[in-house]
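What follows is a short report on a single structure.
The values are calculated or read from the model by the stated rules, or taken from the named source; none is laboratory data. All of these numbers come straight from a predicted model, not from anything done at the bench. Using ideal geometry, Cβ is built from the backbone for each residue, glycine included, and neighbour counts are taken over all protein chains shown.
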Amino acid sequence: MLQAEARIPRADMIRCALCADAPCSAACGKLNPADFLRSVWFRNEQDAALRLPRENPCLTCSAPCERACVRPGEVPIHDLINRLYYQVKPECETPRPENEDRLRCDLCGIPLENPFLLSSSVVASTYDMCARTFEAGWAGACFKTICTLDIHEASPRFSAIAGDNGGIMGFKNIEQLSDHSVAENMEIFRRLKEKYPTKFILASIMGQNEEEWGQLARMCQENGADAVELNFSCPNMAEGGLGSDIGQVPELVERFTAAAKRACTIPVLTKLTPNVAAMSPAAEAARRGGADGIAAINTIKSVVGVNPHTYVSEPAVHGHSAVGGYSGNAVKPIALRFIAELGQNPELSGMHISAMGGIENWLDALEFILLGGGSIQVTTAVMQYGYRIIDDLKAGLNLYLTEKGFANVREAVGLGLDALSSTTDTLERDTVIFPRFDRDRCMGCGRCMISCADGGHQAITLDQNRHPVLNGKKCVGCHLCLLVCPQRAITRGSKRISHTK
């Protein structure tokens, strides 16, 4: 079994709250079930199965973990652990790596112990938070954007769109920049570098003019930053020609990048805005200004949750709201599109891409790596689940690299670019791949029939036992039925026919 192939989908543990100091683990005494459940949630079930002890303690267990659960009886912990033992573990062909050497990489020539960094945000805004990040196993952190402005935040400043389990799918913020003084932030850098000399400190900065961009860059270098990230993309700091207003004007990107490069000798990354039709013009301008790399994407301008009674969108601040930045797993497809655009641009060849945008698990991170990301930054998933997600990010990616025979993570960078086209014009169109129905898994809900009838080509009917029946003459192989099936009882069929009209 390949590490990317899920055997226990999230839906099977959708009521798990991923607790802190989980009561299920406290009640067990033999395993730490919370760690295994968390690995399943973050698509790392194969590594979880390989971590299990040789003998299954659940065989003679009365499942006190389920009774201790904060949702008693709603999370099938006993069954999930048994499935790791009897469904997943027997198919594991690759042993767990003995070390994390394959994860070693670099950012513009500076060593990283793994590709995972916190991105510039509230999750990396104090000494204590960064220290806990480093202790947890993250390779580094991009500190919350430093500026000379007087920052005073609104309350509330977050809102979200929930997924099926009540967790965050899309996240909106109207958060601004660091509310510490420049001097306070420089002191934090010195303390971090003194205690954690091998961890990577990426200093995000925002200036108001060329002189200030240069001054901030120079101060960050003098106080221990390993590299500087120029924030040309914050959607919440656009007033007065800051943030995303800069990232939308290539001339400004080039000018301010050059100002920072003149003032320091450490690597300079430009963080570009996704609030454009194409990112390449700004990225090419950054290269002309001397940038060593690109960071992308920042949050997307958004409006969410308009209240039908007050008519105010979220988050509402004393009866008013504002356009804010959208992040979370919902933006990942958009982020991947921009990273691929940068990775395929020959004018940017050799530039480091620090990629971000909706990354929650190791497989999300791998997708960005395959499209050109040399390092990975994360924020919204940490805000939802905590720094602890680094364990499964590292373990999942490390096992995948081992399975594939990669010597290191660098060998995977950009491998998905050649197969990706910017348009659909190049795709082969003379073959139909039929869906295959697994009748043992099918529960007869008819969702496939409804979607095919009303959103497809009327190729599915139900027999007397409520099993789907395919009309091959009508099926065009769109696979809408596969996507809507709640039981995952439909897969890609092996039969292919020549498509003729």
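Here are the numbers:
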{"quantity": "Some residue of segment 47-59 being outside any loop (DSSP other than H, G, I, E, B) and either in contact with a Phe, Trp or Tyr (Cβ under 6 Å, 6 or more places away or on another chain) or without any contact (Cβ under 8 Å) to a residue 24 or more places away in the chain (or both)", "calculated": "yes"}
{"quantity": "Candidate set from segment 160-174 (those that are in contact with a Lys or Arg (Cβ under 8 Å, 6 or more places away or on another chain) and crowded, with 20+ Cβ neighbours inside 10 Å); member that is farthest from Phe232 (Cα to Cα)", "calculated": "Ala160"}
{"quantity": "Selection from segment 375-427 of residues that are in contact with a Phe, Trp or Tyr (Cβ under 7 Å, 6 or more places away or on another chain) and acidic (Asp, Glu)", "calculated": "Asp392"}
{"quantity": "Long-range neighbours under 7 Å by Cβ, at least six apart or interchain, first residue under 12 Å from Cys448 (Cα atoms) within segment 467-487, second at pLDDT below 95 and charged (D, E, K, R)", "calculated": "His467/Arg439; Gln487/Arg441"}
{"quantity": "Selected residue (only one of Ile460, Ile433, Ile390 is at pLDDT 95 or above, of a type outside the set (Lys, Arg) and more than 30 Å from Leu107 (Cβ to Cβ))", "calculated": "Ile460"}
{"quantity": "Unique residue being among the basic types (Lys, Arg) and either buried (at least 22 other Cβ atoms within 10 Å of the Cβ) or within 26 Å of the chain's Cα centre (by Cα) (or both) when the list is Arg71, Arg10", "calculated": "Arg10"}
{"quantity": "Exclusive hit being over 25 Å from Trp41 (Cα atoms), assigned by TED's automatic domain parsing to the domain that holds Thr270 and surrounded by fewer than 21 Cβ atoms within 10 Å (Cβ to Cβ), set Gly405, Gly372", "calculated": "Gly405"}
{"quantity": "Test for Lys261: is it out of contact with any Lys or Arg (no Cβ under 6 Å at 6 or more places or on another chain), under 24 Å from Ile174 (Cα atoms) and at pLDDT 95 or above", "calculated": "no"}
{"quantity": "Checking Val268 against (1) aliphatic (A, V, I, L, M); (2) over 22 Å from Ser349 (Cβ atoms); (3) buried (at least 20 other Cβ atoms within 10 Å of the Cβ), the condition it does not meet", "calculated": "(2)"}
{"quantity": "Candidate set from segment 287-307 (those that are aliphatic (A, V, I, L, M) and assigned to a strand (DSSP E or B)); member that is nearest to the chain's Cα centre (by Cα)", "calculated": "Ala296"}
{"quantity": "All strands (runs of 3 or more DSSP E) inside segment 366-479 with 3 or more residues being farther than 27 Å from Ala162 by Cα", "calculated": "431-437, 460-462, 468-470"}
{"quantity": "Hits in segment 246-280 (condition: over 19 Å from Ala217 (Cα atoms) and over 25 Å from the mean Cα position of the chain (by Cα))", "calculated": "Val249, Pro250, Glu251"}
{"quantity": "Number of the exception - Ile294 against (1) closer than 29 Å to Asn209 by Cα; (2) touching an Asp or Glu at 6+ places or on another chain (Cβ under 8 Å); (3) modelled with pLDDT of 95 or more", "calculated": "(2)"}
{"quantity": "From the options Glu254, Glu284, residue that is touching a Gly at 6+ places or on another chain (Cβ under 6 Å), in a helix (DSSP H, G or I) and among the acidic types (Asp, Glu)", "calculated": "Glu254"}
{"quantity": "Lone qualifier among Arg429, Arg410, Arg441 - being surrounded by fewer than 15 Cβ atoms within 10 Å (Cβ to Cβ), within 26 Å of Gln3 (Cα to Cα) and basic (Lys, Arg)", "calculated": "Arg441"}
{"quantity": "Count - residues of segment 105-136 that are crowded, with 17+ Cβ neighbours inside 10 Å, part of a loop (DSSP other than H, G, I, E, B) and either without any contact (Cβ under 8 Å) to a residue 12 or more places away in the chain or not polar (S, T, N, Q) (or both)", "calculated": "3"}
{"quantity": "Some residue of segment 9-25 being at pLDDT 95 or above and among the basic types (Lys, Arg)", "calculated": "no"}
{"quantity": "Residue check, Pro97 within 20 Å of Asn361 (Cβ to Cβ) and either over 19 Å from the mean Cα position of the chain (by Cα) or in contact (Cβ under 8 Å) with a residue 40 or more places away in the chain (or both)", "calculated": "yes"}
{"quantity": "Residue within segment 48-61 that is among the small types (Gly, Ala, Ser) and surrounded by 16 or more Cβ atoms within 10 Å (Cβ to Cβ) present", "calculated": "yes"}
{"quantity": "Cβ-Cβ under 6 Å pairs, at least 6 apart or on other chains, segment 427-444 side farther than 16 Å from Lys474 by Cβ, far side surrounded by 16 or more Cβ atoms within 10 Å (Cβ to Cβ) and not charged (D, E, K, R)", "calculated": "Arg436/Gly493; Asp438/Ala489; Arg441/Ala489; Cys442/Ala489"}
{"quantity": "Number of the exception - Gly373 against (1) over 20 Å from Cys105 (Cβ atoms); (2) over 10 Å from the mean Cα position of the chain (by Cα)", "calculated": "(1)"}
{"quantity": "Where a residue in segment 331-351 is surrounded by fewer than 15 Cβ atoms within 10 Å (Cβ to Cβ) and its partner, wherever it lies, is not basic (Lys, Arg), with Cβ under 6 Å and at least six apart", "calculated": "Glu347/Glu284"}
{"quantity": "Residues of segment 74-85 that turn out to be surrounded by 15 or more Cβ atoms within 10 Å (Cβ to Cβ) and in a loop (DSSP other than H, G, I, E, B), as a count", "calculated": "2"}
